[in-house]
1. Along Cα→Cβ, 7 Å out, is where each label goes; now give me the distance between the ones at Glu17 and Val314 in nm to one decimal.
2. Can you tell me the relative contact order of region 1-85? Whole percent, Cα pairs under 8 Å, sequence separation 6 or more.
3. In Å², and per residue, what accessible area does the chain have when probed at 1.4 Å with the other protein chains present?
4. Need the full-extension length gain, His218 to Lys367, defined as separation in residues times 0.36 nm minus the C-alpha distance. One decimal, nm.
5. Compute the FRET efficiency between Ser306 and Ser82 as 1/(1 + (r/R0)^6), taking r as their Cβ-Cβ distance and R0 = 30 Å, and round to the nearest 0.05.
6. Would you mind telling me the antiparallel percentage of the DSSP bridges in the chain, rounded to 5?
7. Where in the chain are the DSSP H helices whose C-alpha atoms run 24 Å or more along the long axis and whose mean Kyte hydropathy is at least -0.5?
8. Among Asn116, Ala251, Leu274, pick out the residue whose Cα is farthest towards the positive end of the charge dipole of the chain, where Lys and Arg carry +1 and Asp and Glu carry -1 on C-beta, about the Cα centre.
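The values are calculated or read from the model by the stated rules, or taken from the named source; none is laboratory data. Quick caveat, the model's predicted, so the values are computed rather than measured. Quick reminder, even Gly has a Cβ in these numbers, built from the backbone with ideal geometry, and neighbours come from all protein chains shown. These accessible areas exclude ligands, DNA and RNA; they are computed on the full protein's heavy atoms, side chains included. Shrake-Rupley method; radii C 1.70, N 1.55, O 1.52, S 1.80 Å.
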Amino acid sequence: MASENSDINAALKAAGESTLKKATRKAQRQIDQLFNVSLNIAVTGESGTGKSSFINAIRELNSDDEGAAKTGVTETTTEPTSYEHPTIPNVILWDLPGIGTPKFKARTYLKRMQFNRYDFFIIISSERFKENDIMLAKEIKKKKKLFYFVRSKIDNDIRAEEKKKNFNKEETLSQIKINCLENLKDIENPKVFLISSENIKAFDFEKLIETLLSDLPHHKQSALLQSVPISSVSMLKKKVKMFEKAAWAAALCSGVVAAAPVPGLSVACDASILVAFFTRCFYSFGLDNKSLQKLAERINKPELESSIKSPLVVALAAKSTARLSVSAVAGGAVLEYLCSLVPGVGNAAAAGISFVCTLTLLKNGLKELENAALVVLREAGLQ
Ligand SMILES: Nc1nc2c(ncn2[C@@H]2O[C@H](COP(=O)(O)OP(=O)(O)OP(=O)(O)O)[C@@H](O)[C@H]2O)c(=O)[nH]1
Ligand SMILES: [Mg+2]
């Protein structure tokens with residue numbers, strides 16, 4: 001009984017709540033947010049500026065991959081097209097048609113695009129920002145929505161400048177940014193990011209994500225963070241921290257404080273939550289087969305996948321759920337392996353183990369996935 005109580009106390013402490021009922025509710029809310037909060041990203045700008053390419057790059061798809069946005073073709077659609085993130089389906093990128101002629105009022109445009117459904121707008125230009133971009137930004141501001149300017153195709157600028165004598169990359173980038181800011185002087189504190197969709201992880205990509213993370217409401221931050229490509233160790237650490245913070249909630253939701261049944265505790269909550277939790281980490285860290293194969297091709301290291309020795313990665317890959325949900329059927333191999341991470345737990349008895357044990361199991365598993373992702377980053381030269 002004493003150990004049962006100390007287990008409940010540990011759960012209450014982790015939740016910062018006074019009763020198990022409140023703690024469980026909080027945990028359920030947190031897990032629901034982690035898995036299901038929607039994030040709608042609007043990408044707009046003139047034709048040919050690289051909207052579709054940017055969307056594909058964020059989704060880590062090549063333009064000829066299945067489900068990728070078509071690039072290099074002038075699209076005639078006047079409607080927004082939505083693209084679900086391939087592994088984090090609650091994140092949707094919207095490819096908006098260009099604003100068109102200056103006569104076409106920004107206000108009408110936003111109304112037609114149903115501006116209210118977007119969490120923020122990315123306004124892309126591949127040269128100077130023009131009147132349309134500025135009008136649009138002003139109108140978005142009036143609607144109290146967030147907007148960011150992306151100056152695209154930076155790789156092209158660098159390539160062109162590289163040929164010149166006295167080329168200095170930082171100076172070139174700084175000059176491009178100064179020019180953008182000059183174009184946007186009618187906008188108060190414009191946020192401008194220099195991006196290449198050919199090499200999404202370079203230039204200002206990380207700054208863009210950091211800015212978004214600091215501007216977005218808390219519950220939206222985790223959707224963004226889960227879905228973005230990992231460009232550095234510090235980005236990976238941010239992802240790890242997010243999952244670490246949610247681990248107590250996953251432990252509690254898995255119903256491990258079963259010794260003291262809680263009225264209102266959802267019966268749907270069981271060990272499959274643990275598998276769903278790790279499956280999210282697995283995709284978010286880019287450890288799934290598709291992501292690894294793509295990266296292996298890009299960096300020309302066909303042996304990349306075999307450099308990952310983690311049994312947890314192997315077990316999660318074998319489960320190979322194309323889609324995941326909280327109700328995902330618990331993968332036996334995954335659970336069995338997870339249990340082996342905590343001494344004394346034995347084989348797949350996850351449903352019967354304590355809160356403290358489950359939390360340890362989650363943290364150990366998370367550490368293993370982090371280490372696997374670090375190997376990938378090192379192989380990709382992104383350390
Ligand atoms: N080098 C380089 N080329 C890019 C980049 N982004 C886009 N492009 C190229 O620019 C062309 C236009 O890109 P899209 O992504 O189709 O542009 P879009 O804004 O979607 O164009 P519309 O759909 O017609 O409005 C394509 O040939 C892309 O390959 C980039 O960051 N670097
Ligand atoms: Mg397009």
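1. Distance between label points: 3.9 nm.
2. 15 percent
3. Normalised by residue count, the accessible surface of the chain is 47 Å².
4. 51.3 nm
5. In this case the efficiency is close to 0.25.
6. Of those bridges, close to 15 percent are antiparallel.
7. Qualifying helices: 233-253, 355-379.
8. The residue sitting most towards the positive pole is Asn116.
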